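First up is the structure itself, then whatever we jot down about it.
Since every read-out is calculated from the coordinates, none of them should be taken as a lab result. Given the structure is predicted, the values throughout are model-derived calculations rather than measurements. With ideal geometry, Cβ positions are generated from the backbone for all residues, glycine too; neighbour counts draw on all protein chains shown.
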Amino acid sequence: MASLFGAAGAGLTGYKMNKRVGAIEEFEFLPLSTGKHLHVTLAVTGWLCSGKYSSFQGPWSSLGACGEQYCLVWESRYLRDLGSALDSIVDGLVSMVAQEALKYTVLSGIVTALTWPASLLAVASVIDNPWGVCLSRSAEVGKHLAQVLRSRQQGKRPVSLIGFSLGARVIYFCLQELANDQGGEGVVEDVILLGAPVDGSDKAWERLSRVVAGRIVNGYCRGDWLLGFLYRSSSVQLSVAGLQPISLSNHRIINVDLSSVVKGHLDYMRQMDTILVAVGWPTRDGAGTHSKQPDTLAKGGPLANPIRKSSQNEHLCEPDVRHTEGTVCRITDHDCGN
């Protein structure tokens, strides 16, 4: 059966760059599951830090046992530098009061050099260089990922992609590269981009939808002051997908407002269990909720039912998807105290 559907003898684990490709220094795949399946999921981490999240696999421990799963290992030296810089900015250089003020600065939609506190601008050099380096390298890694997927290293099986922050940017440029050439269709099934530091214009996302067979989920947080600050030089002219919904009228593009789950950009790593539940991605039992996970998995892949609505008879200790209008969903807090 596996041979019939193109799974036999195919896998990403054995792939590793034989030589340096452009500016890319590190690119390989690590398995998150065992065995061969008819569907492949690839998770892309956005940065690395110390402790629990010092590895590329760390943020994805709650992914449900759904198909064959891998995480992408890329440019770890630079991602660790970025993680250290992010921790320094958030934990050491910006007070909680300042973070609240910055959140409302981003929410106001007026993100210019004049609105950022002088104390934050004074330490901008701590983050600007590692962020700029990773911003550039993530685009190159995304383009190379497109070449790997196009060459069918995974066999003739559908691939779903999920990533946060710069990991989402890797996926974005992968899809852009696939859209540039004929033959890119049918490779990618479903996509989830979380806190993506990428262009959120309708034109850009229309191109993405052409090469994704299933649905594209844009998970964003309007009050993500750190992402707004990192994009401060261009966010006036450029809409940022990780800060707002995609306005394109396309039933396959799903916007999920994660503002009640994600209080800051670092929460995309720290709250991944809850985020996966919120966007309807299958998780392990007990991940992000105290009750048994709903079965959102269908034959088409992990995102066959990407946004789950709860009935009045259910009591779920998880974010509830409410106020659905068109393709915009807002996640609101659910009372689990009773």
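Per-residue 3J(HN,Hα) values for region 217-228, derived from phi via the Karplus relation 6.51 cos²θ - 1.76 cosθ + 1.60 with θ = phi - 60°, read 9, 9, x, 9, 9, 5, x, 6, 5, 5, 5, x Hz in sequence order (x marks Gly and Pro).
Note on residue 207 and residue 23: with the Förster distance fixed at 35 Å, the Cβ-Cβ geometry gives a FRET efficiency of about 0.90. Hey, which of these cross-link pairs are over 28 Å Cα-Cα: 156/263; 52/263; 36/143? Where the Cα-Cα span goes over 28 Å, the pairs concerned are 156/263. In this structure the amide hydrogen of residue 217, modeled in the peptide plane, comes within under 5 Å of the amide hydrogens of 191, 192, 193, 254, none closer than 5 places in sequence on its chain.
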